[in-house]
Amino acid sequence: QVQLVESGGGLVPPGGSLRLSCAASRSIFSLNVMGWYRQAPGKERELVAGFTSGGGTNYADSVKGRFTISRDIAKNTVYLQMNSLKPEDTAVYYCNGYYLGNDYWGQGTQVTVSS
C-alpha cells in the first residue's frame, strides 16, 4: 500500500509560479514510475510530467520549458515546479505512483491560474 499526499496548489495570476509537492509513504525508489497528472473540468486526466522506469523524464508538449519535475529521495517527495503559468493550466493536479502492479493516486490539489 502506498499513500501519496499532494500540497502546494492555489490561486496564481498568469505568468506566476507554483511548486507542488507529493509526499510518499514509502521510498520513492521502490515506486517504478511516478508522475504528475492533471484534470480540468470536462476534460480527461492527462499526464503532465513523469519519471520513466529508466530514470529519465517526460513532459506534455504543453508544459515543456515551463514545468520541471524533480525528486528528493531522502524526503520521499516528488516536486513539480510550474513557471509561466497560463489560465489553461488550471486543473486539479494529481500525483501518481506505480508499485507492485498497482497504480496509486493522491487526493489532488487545485491549481487556478487567473487574474
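Just so you know, all these numbers are worked out from the coordinates, no wet-lab data involved. Computed from a predicted model, the values in this text were never measured in an experiment. Note: ideal-geometry Cβ built from the backbone for every residue, glycine included; neighbour counts use all protein chains shown.
Remarks
- Alpha carbon convex hull of the chain, projected area averaged over orientations, nm²: 6.7
- The distance between label points at Ser62 and Asn32 comes to 2.7 nm (points 7 Å beyond Cα on the Cα→Cβ vector).
- Whole-Hz ³J(HN,Hα) from phi, Karplus 6.51 cos²θ - 1.76 cosθ + 1.60, for segment 43-59, glycine and proline x: 10, 7, 5, 10, 6, 9, 7, x, 8, 7, 5, x, x, x, 10, 9, 9
- In a reduced charge model with +1 at each Lys and Arg Cβ and -1 at each Asp and Glu Cβ, the chain shows a dipole moment near 180 debye about its Cα centre.
- Compared with the alpha-carbon gap, the fully stretched path from Ser53 to Tyr98 is longer by 15.2 nm at 0.36 nm per residue.
- Amide H contacts for Gly10 (H built 1.01 Å from N in the peptide plane; partners 5 or more residues away or on another chain; cut-off under 5 Å): Val111, Thr112.
- Full-stretch length increase - Leu11, Gln39 - with 0.36 nm per residue and alpha-carbon distance subtracted: 8.5 nm
- Residue-by-residue Karplus 3J(HN,Hα) for segment 23-40, coefficients 6.51, -1.76, 1.60, Hz, glycine and proline x: 9, 9, 7, 9, 4, 6, 5, 7, 8, 4, 9, 9, x, 10, 10, 9, 9, 8
- Those trypsin sites (Lys or Arg not before Pro) in segment 36-68 that DSSP places in a loop and that have at most 16 other beta carbons within 10 Å: Lys43, Arg45, Lys64, Arg66
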